[in-house]
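A short worksheet on the structure shown next.
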Amino acid sequence: MKGLAAVLHLLVLIVIAGEVNHLLAPLQVHLYVGGLVAARAALRLEPRTSLLAVILAGLWMDSTAPVPFGLQAFLFVGACLVIRHLREKRGSDEFTSPLPVVLALNALLFLALCLAGGAGPSVGATWMRALSDLIISQLVVAVVTPWFLSLQERTLKLAADRGAV
């Protein structure tokens, strides 16, 4: 049940980001929040639950992205495994601040998707657009991350207190 609640939280974030992107489309701006999706699951959930959550979230994001289907799910699983490995190697259950992890992961995933989407090094205008989208995405993710993580923690705690999870 906790896994279902975690997946639903991630899907809510993806739907909200999709709606914001729809509103920003006339301005030719795209927000990417994949780093928050993958990092949240890797930092806060058990191994099986986190893999299930990132696979489903990645497939959901793949369904609306102009990249090969399954690419974001594959990248999310890889990111989740790397973060979990670093977490175990460090010997602590939680990073002191998840924001640097989320921001770094968001930038790396965004870059990987740009490269997979055909934005090669010789396409200057595409990279300028990608850079502006990345900067805006990083600013939004930096503002939204503490709120989103707090919302999820409180919701899961409330559900656990009521016996639903």
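The values are calculated or read from the model by the stated rules, or taken from the named source; none is laboratory data. What you are looking at is a predicted structure, and each value in this text was computed from that prediction instead of being measured. Glycine also receives a Cβ, built like all others from the backbone with ideal geometry; neighbour counts cover every protein chain displayed. Ligands, DNA and RNA are stripped out before the accessible areas are found, and what is left, the full protein with its side chains, is counted by its heavy atoms. Shrake-Rupley method; radii C 1.70, N 1.55, O 1.52, S 1.80 Å.
Could you check, for region 59-71, whether at least one of its residues is touching a residue at least 40 places away in the same chain (Cβ under 8 Å), in a helix (DSSP H, G or I), surrounded by fewer than 21 Cβ atoms within 10 Å (Cβ to Cβ) and hydroxyl-bearing (Ser, Thr, Tyr)?
No, that holds for no residue.
Tell me the residue from LEU27, LEU51, LEU45 that is open to solvent by 80 Å² or more (accessible area, probe 1.4 Å) and not aromatic (Phe, Trp, Tyr), please.
LEU27
Based on what the data block shows, is THR49 in a helix (DSSP H, G or I), touching a helix residue (DSSP H, G or I) at 6+ places or on another chain (Cβ under 6 Å) and at pLDDT 85 or above? Step through it out loud before you land on a result.
Numbers: in a helix (DSSP H, G or I): yes; touching a helix residue (DSSP H, G or I) at 6+ places or on another chain (Cβ under 6 Å): yes; at pLDDT 85 or above: no.
When the stated conditions are applied, THR49 does not pass them.
With LEU86, LEU36 as the choices, which residue is open to solvent by 30 Å² or more (accessible area, probe 1.4 Å), modelled with pLDDT under 90 and assigned to a helix (DSSP H, G or I)?
On inspection, the qualifying residue turns out to be LEU86.
Yes or no, residue by residue, for (1) free of Cβ contacts under 8 Å to residues at least 40 places away in the same chain; (2) touching an Asp or Glu at 6+ places or on another chain (Cβ under 6 Å); (3) within 26 Å of TRP127 (Cβ to Cβ):
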position	(1), (2), (3)
ALA5	no, no, no
VAL33	no, no, yes
LEU52	no, no, no
PHE76	no, no, yes
ARG87	no, no, no
PHE110	no, no, yes
CYS114	yes, no, yes
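If you scan region 7-20, which residues turn out to be open to solvent by less than 30 Å² (accessible area, probe 1.4 Å) and either without any contact (Cβ under 8 Å) to a residue 40 or more places away in the chain or over 17 Å from VAL144 (Cα atoms) (or both)? Working first, answer last.
The initial filter retains those residues of region 7-20 that are open to solvent by less than 30 Å² (accessible area, probe 1.4 Å), namely 7, 9-10, 13-14, 17.
Hits for region 7-20 are VAL7, ALA17.
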